[in-house]
Each structure stands twice: as C-alpha cells, then as structure tokens.
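J.: Please see the structure below; I have some questions.
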Amino acid sequence: MRNRRRREPDPFDGILLVDKPSEWTSHDVVAKIRNHFKLSKVGHGGTLDPLATGLLVVLIGKGTKLSDRIMGGDKVYEGTIHLGITTNSQDADGEVLEEKDASHITREQVEEAIAQNLMGDIEQIPPMVSAIKKNGVPLYKMARKGQEIEREPRKITIFDFDVLEFENPLVKFRVKSTKGTYVRTLAHDLGNILGVGGSLDALRRTGSGPLSIDKAHTMEEILECDRETLQEKAILLTDMMRD
C-alpha cells in the first residue's frame, strides 16, 4: 500500500469571513486557504460569481458542518445595473446580445418597476450560465455549446430592493433576499420590464444571515498569518454555538 502523507489536524473548527476579490472563484479562495495553511477540511457557505466581490464564508474543520445553516440565511448585496445592455450571462462577463437606448428611463420609472414586479414573493427563471444541473450536466456547459433549455422557475423572496443612486444608464442598488436569488437575473428582468434590457455591471455581497462584510478579512491579510495566528481572525465553532 502506498503511504499517504497525513496532514496535521486543523488548528481550529470554525469560520473565516473573507472579502473575496473580483475574478477569483469561490473555489479559488477555498483551495488557496486549504493549501497555504495545509488544512484538511475546508469549504464555503455559498458561492459568489467570479465577477462578484464581498462576503464569502469559509468553513474550516468541523465548521464545514455549518454549510447548510450558513447557505440558508438571507443575503444582502449591493451592485450596479447597466440598463440598455443584454448579455448571454446577464452580467458584464457575458457576450453582448443586444444594445438599446435607455436615455429616456427615469429613476421614478426604475423604482416603480421594482415596486410592482420585483418585490415580495416572486418567481425567477435561473440563467443558462449557472451551475444548476440538468440530467447531471451544469447549465453553463450547455450554454458554452450554444444550447438553451427550458428552466423551471424558482420561488424567491425579495425583502428590500432600494435604488441608492441613478445616473442613467447605471442603477446602483441594495437588495436583501432569500438564498438562491440570482441578482444578475434581477438586473436582466428589470431591464426587460423597462423595455430596454439590462445586465449586472458589479456586485458585492455585504451580508449572509447574521454575518457582515464589516468583520471580513482580505486574502492579503489572511495569507500573512500562519496556522496559529489564523485563529485570531476566525469565529470559532464554540463561539457560534453559544450565539
């Protein structure tokens, strides 16, 4: 039998709040932390698209058992919608499919469209460029081949959807919603309701359940630690169980 190199026991059980940089996948963050600190069990509590920044909850040791609890919490995002541009991924990473003049759209029209169509309990059709699987195949792989299939709508709840700034054609917003919400689909749907199309230009997750971006650390700060001092930046499982 081949001898396996055993990793040292994880230095703690708990979570790290990471401010994910743009262009990193959630898997990139997990893999970097796992390998850099030689950890055995590392996961995350809810994927962020590569384009997005902000709160990524990294689970370490027995903290991985909190995955369902963390992912089940409501989420808060801030971002920017670009009216007049439709892409195949519904965000700035995708191929532009159509451009329309949105110069006539007003803030009042945007806020009215949100209030009447994108608040409370709604149904959302997931984008083709997503990790949802059909017959075991992720939709994004089908999308790469130019395929588009019918997707079942999903029920979600939008608690808050506020316009923070409007400088046509850009809509800066904050949204609080249940898990599983595709914010880029909200951008896409808002653009369609207004008749000009829309896509997500930027996105930042600022909250997940009771956890906030205010307590998160950058990857640079985390990678400056060693296995022992990493614990100083963590929320320990014992502390979380007391809350």
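J.: Can you pull the accessible area of K38 for me, 1.4 Å probe, Å² to the nearest 10?
T.: Result for K38: roughly 120 Å² accessible.
J.: Still on this structure: Based on the Kirkwood radius over alpha-carbon pairs, what value in µm²/s does the Stokes-Einstein equation return for the translational diffusion coefficient of the chain at 20 °C and 1.002 mPa s?
T.: 111 µm²/s
J.: Extension gain D226-E123, at 0.36 nm per residue separation less the Cα-Cα distance, in nm? Provide the component values of the computation, followed by the final result.
T.: Working: separation 103, 0.36 × 103 = 37.08 nm, distance 4.55 nm.
Gain on stretching D226 to E123: 32.5 nm.
J.: For a quick size check, give me the Cα extents of the range 152-243 along its three principal axes, largest first, whole Å.
T.: 55, 28, 25
J.: Another question, if that's okay. Given the DSSP H assignment, sum -39500 (n - 2.57) over each helix run of at least 4 residues in the chain and divide by its residue total; what's the result at 222 nm in deg cm²/dmol, nearest 500?
T.: So the helix-based figure for the chain works out to -6000 deg cm²/dmol.
J.: Could you check how much of the accessible area of the chain is carbon and sulfur, as a whole percent, using a 1.4 Å probe?
T.: Numbers: 6220 of 13570 Å².
Carbon and sulfur atoms account for 46 percent of the accessible area of the chain.
J.: Can you give me the distance in nm between label points at R174 and E99, each placed 7 Å from the Cα along the Cα-to-Cβ direction?
T.: So the two model labels end up 3.3 nm from each other.
J.: Which loop GluC sites (Glu not before Pro) in the range 57-118, with loop taken from DSSP, have no more than 10 other Cβ atoms within 10 angstrom of their Cβ?
T.: E95
J.: Right, something else. Do the alpha carbons of any pairs in K62/K172; K20/K100; K32/K65; K20/K172; K172/K215 sit beyond 30 Å of each other, and which pairs? Can you show the working numbers first?
T.: Numbers: K62/K172 38 Å; K20/K100 33 Å; K32/K65 20 Å; K20/K172 20 Å; K172/K215 23 Å.
Distance filter (> 30 Å) returns K62/K172; K20/K100.
J.: Return the FRET efficiency for the residue pair K41, T106: r is the Cβ-Cβ distance, R0 is 45 Å, and the value is rounded to the nearest 0.05.
T.: That gives a FRET efficiency of 0.30.
J.: Between helix 183-193 and the chain, what is the angle of the helix's C-alpha long axis to the longest principal axis, kept within 0 to 90° and rounded to the nearest 10?
T.: 0 degrees
J.: Can you compute the modelled spin-label distance between E148 and K215, with each label point 7 Å from Cα toward Cβ, in nm?
T.: Inter-label distance under the simple model: 4.3 nm.
J.: Additional query: What is the angle, in °, between the Cα long axis of helix 107-117 and the longest principal axis of the Cα atoms in the chain? Nearest 10 is fine, range 0 to 90.
T.: 70 degrees
J.: Which angle between 0 and 90 degrees, to the nearest 10, do you get for helix 26-37 versus the longest principal axis of the chain when only C-alpha atoms count?
T.: Helix 26-37 and the main axis of the chain meet at about 20 degrees.
J.: Quick one: which residues, 5 or more positions from L51 or on another chain, have an amide H under 5 Å from its amide H? H modelled 1.01 Å from N in the peptide plane, none for Pro or chain starts.
T.: Residues meeting the amide H criterion: E23.
The values are calculated or read from the model by the stated rules, or taken from the named source; none is laboratory data. Given the structure is predicted, the values throughout are model-derived calculations rather than measurements. Every residue, glycine as well, gets a Cβ built from its backbone with ideal geometry; the counts of neighbours run over all protein chains shown. Protein only, heavy atoms only, side chains kept; ligands, DNA and RNA dropped before computing areas. Shrake-Rupley method; radii C 1.70, N 1.55, O 1.52, S 1.80 Å.
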